[in-house]
1. What shape does the range 1-99 have by the C-alpha gyration tensor, where a ≥ b ≥ c are the square roots of the eigenvalues, rounded means a/c under 1.5, and otherwise prolate means a/b greater than b/c and oblate the rest?
2. Arranged by the count of other C-beta atoms within 10 angstrom, fewest first, what order do 82, 34 take?
3. Tell me the label-point distance for the pair residue 132, residue 105, using the 7 Å Cα-to-Cβ offset, in nm and rounded to one decimal.
4. 222 nm [θ] for the chain, helices only, -39500 (n - 2.57) per DSSP H run of 4+, per residue, to 500?
5. With a ≥ b ≥ c taken as the square roots of the eigenvalues of the C-alpha gyration tensor of the range 1-54, please select rounded if a/c is under 1.5 and otherwise prolate if a/b is larger than b/c or oblate if it is not?
6. Would you calculate the separation in nanometres between label points at residue 27 and residue 73, each defined as 7 Å from the Cα along the Cα-to-beta-carbon direction?
7. When DSSP assigns beta bridges and you keep just the ones with both residues in the chain, what percent turn out antiparallel, to the nearest 5?
8. Taking 2.2 N^0.38 Å as the expected size of a compact globular protein, what ratio does the Cα radius of gyration of the chain give against it, to two decimals?
Ligand SMILES: C[S@@+](CC[C@H](N)C(=O)[O-])C[C@H]1O[C@@H](n2cnc3c(N)ncnc32)[C@H](O)[C@@H]1O
């Protein structure tokens, strides 16, 4: 149902109203597949056979038992492009400046443990400061979720703690 809603709502957006109910409008799409059942079943069977455990919770808890040789990708909430004074204690997705600092501290701890790390975020000064000393690679990306076409292009960074073997 979640995938079906996602394919049939405006810009693939997920948003809820004050009562916590899904309230994104229909995208007027009437053609094409809503769900790729074969792919969904293949992914499901892989997750079962590989005994993948999916956890929901804070990033620190999720990484509590990460050890040397593990690989961790943080697709972290975006630091706003223009950081306002309010950002230090409030953001619309609830991820504050303190959370970004906490994530950067965890990144450094995991690095010291020998974990392979990858993190993405907007290319803004705060992100470059927080991950100073690591490999920071800028990339131009196209965003599909934005009503303004001009805002669908942005610059992000890929942060890693290892170089590719030669
Ligand atoms: C840029 S999105 C990543 C989206 C995801 N990779 C996907 O493809 O759907 C950032 C995600 O971080 C999650 N998030 C927010 N606060 C978090 C926290 N304290 N710990 C872990 N995840 C958090 C948000 O719910 C959001 O799904």
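Every read-out reported here was derived from the displayed coordinates using simple, explicitly stated rules and does not represent laboratory data. Note that this is a predicted model, so its numbers are computed, not measured. Because the Cβ atoms are built from the backbone with ideal geometry, glycine has one as well, and the counts that use them run over all protein chains shown.
1. Working: a/c = 2.48, a/b = 1.09, b/c = 2.28.
Since a/c reaches 1.5 but b/c is at least a/b, the shape of the range 1-99 is classed as oblate.
2. On the way: 82 6, 34 12.
Lowest to highest Cβ neighbour count: 82, 34.
3. Computed distance between label sites residue 132 and residue 105 equals 1.8 nm.
4. Theoretical 222 nm ellipticity from helices: -8000 deg cm²/dmol.
5. oblate
6. Between residue 27 and residue 73, the label points sit 2.1 nm apart.
7. Expressed as a percentage, antiparallel bridges in the chain total about 75.
8. That works out to 1.21 for the chain.
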